[in-house]
Structures are given as C-alpha cells and as structure tokens.
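See structure below.
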Amino acid sequence: MMYRNKKLWAASFQFEKYFLGLTSNQRSESMNSCLQKSLDRQMTLLELVQRYENNVSDLRETEAGLDCNDSQSVPVPLTNHRPIEVACSHVFTVTNFYKLQEQISAIDDFQVFETLVRMDSKRHIVVRKEKKKSIYPVDYCYADSETKMKCTCRKIEREGLPCSHILCVLDHMNMSTIPPCCIKRRHCKDAKGGLPSRRESNDLVWSTKRKRYSNLTKLGADAFDVASNDHDEFSKLAGDPLLVKNKGAPRKNGKSPSKQEADGKRIKACYETRKITCSICSKGNHNRRTCPWRRTCIDLSDHA
C-alpha cells in the first residue's frame, strides 16, 4: 500500500533538491558502496585516481571470473523436483540458483488445495500441509500473449525470484520450464549480453600500442556481433578456410608425384631426362669416365 502511494510521500523527501535529470541504478550504487570503503577525504587527486583504477580493475576481474564460472558450469540438482531445478540451473546464475534451490526444496511443504478457473486466468489455492490455515492464492493469467503469475506473499516483487508457492503451482501443472514472467534479466546468466561492445575508457598509461589494440578490439567485437546474428557470416569466420592455389606455373602433366606413382609410372631422374655428352670425344650416351677413346689412350700408355 505504501509503495502504491509513493507519489504522495516521496515528494516531501525531494523538496528543494535538484538532480538535473540524473538517474541511478543498482549497479552504480553497488560500485559506489565498494569504492567508499577504500577512499578517504585526505587523499590527493592523484591518489584518488590510482585507488579508483585499482578498485575498478579488481571489481572487473572478479566479475569476469564469476561470469566465466556461471557460463561454464551448471549446478547439480539435489531436490526431488528435478525438471524445475534443471530449468533454473540453465537460466539463473549460481548465486541466485542456490537461493531458488531453498525454495524448490520447500515445495514438499505445500500443496494445491483448490483451483478456481476463470475466463482468462486460474487461481490456485496453495496451503501448507501441516497448517492448512495458511493460504497463499497464486494467480495464473494467460489472457495476453505473455503469461503472468502473482502470489500474495509478493516475494517475486521484492527479490525478483519466484517463491515456493509459485514453484509449487508449476510442479502441480507439470511444467518443466520457468515462465518468462518469473525471470528477471538481471538474475540470468546472459544479463550482460545486451551491453554495447564499444566502451570508451583511458588508463593512466596510454601508449600507441594500447591505442591500436583498443581500436582492433572494438572492430573485432563489432565483427563478432554481426557474425553471431548471421549464419553465413558465422560459417565464414568459424568454418574451414578457403583453398588457395599455390604460386608458380602449373605442372606440365598436371599430376603430382604421388599420383604418378599411383598410376604405375616411375618418376625419372635428372640424368635420365637430360641428354649426356662426353667432354672428351663430344659424343653422346656416355661421359668422360666411360669414354672408349680415353680407355684406349690409357691402354696405349701402359704398353709404352
């Protein structure tokens, strides 16, 4: 009730305060809380910038490690409701999955007592098995193209995660997937998939090499984003490379040595293809070592 009437009481806290159109989100507030632990008023401007760069680099490194862990690992299901638990493990991050695992394990404590069917929705009356006086109505609307689920405990509005009552209804309906209405993007593994690839940031040491590397990284990220949306472009980048002809004149017979051996023809040596002439008598089919005229001269010199 107080949240619905926020326009009435929020104006008193913002009286005579000007924000110049500035807005904030949960990511900036969490980063601000981390930076306040290491910053001090007595720091110089240079110390402030250095401390800021070190903290931001540590936060990004930790965040990259957590993103890698979430994308490359899947938690092990432990409850009796395996289909719902497996669906949650593929959608939510590891930290949020462990929170949901507690809610999934609590499904055994509840049961659907009655189902009221309406024109465009259903109301499931969820009660506790031990104390049936605790009633939690869960509304399942399917009038529009998107389904909507609401529970009177309002856990999904407060934390963004489905409660055990909604999960009990999903198990009662034999649903093996989580409806999109119960999934908040900030709790999913692909929450950072929509961030732009171009990010402008300067470090303390900015050289020509880092500038070139940054420009190549931006171009590569844009090219990868385009290739991921098109199957043909993706096959060009990730598929086998194109065959390129070697440089030089082609072979006369057009066959490689391995193919010639397969045809039964032996490759001829250099002395077999070139005509041999003797350097003494200038005749062919022999050389100076096997020349008959040279042998005759040697024999005559021996007799003499």
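For this structure, a couple of remarks:
- For region 60-151, the average shadow cast by the Cα convex hull is 8.2 nm², which is a quarter of the hull's surface.
- Count Lys and Arg as plus one, Asp and Glu as minus one, and take only other residues whose Cβ is under 12 Å from that of LEU116; the net charge is then +1.
- Ranking ARG118, ARG60 from most to least accessible surface, computed with a 1.4 Å probe over the protein chains only, gives ARG60, ARG118.
- The order of GLU61, GLU53, GLU47 by accessible area, most exposed first and with a 1.4 Å probe, is GLU61, GLU47, GLU53.
- Local electrostatic count, GLN36, Cβ distance below 12 Å [Lys/Arg +1, Asp/Glu -1]: +1
- For the residue pairs LYS218/LYS245; LYS184/LYS236; LYS17/LYS150; LYS132/LYS155; LYS192/LYS218; LYS99/LYS189, the alpha carbons lie more than 26 Å apart in LYS218/LYS245; LYS184/LYS236; LYS17/LYS150.
- Computed accessible area, MET31, all protein chains, 1.4 angstrom probe, square angstrom: 70
The values are calculated or read from the model by the stated rules, or taken from the named source; none is laboratory data. Everything quoted here is computed from the prediction, not taken from an experiment. Positions of Cβ are generated from backbone atoms using ideal geometry, with glycine treated the same way; all protein chains shown enter the neighbour counts. Quick note on the areas: whole protein, heavy atoms, side chains included, nothing else; ligands and nucleic acids left out. Shrake-Rupley method; radii C 1.70, N 1.55, O 1.52, S 1.80 Å.
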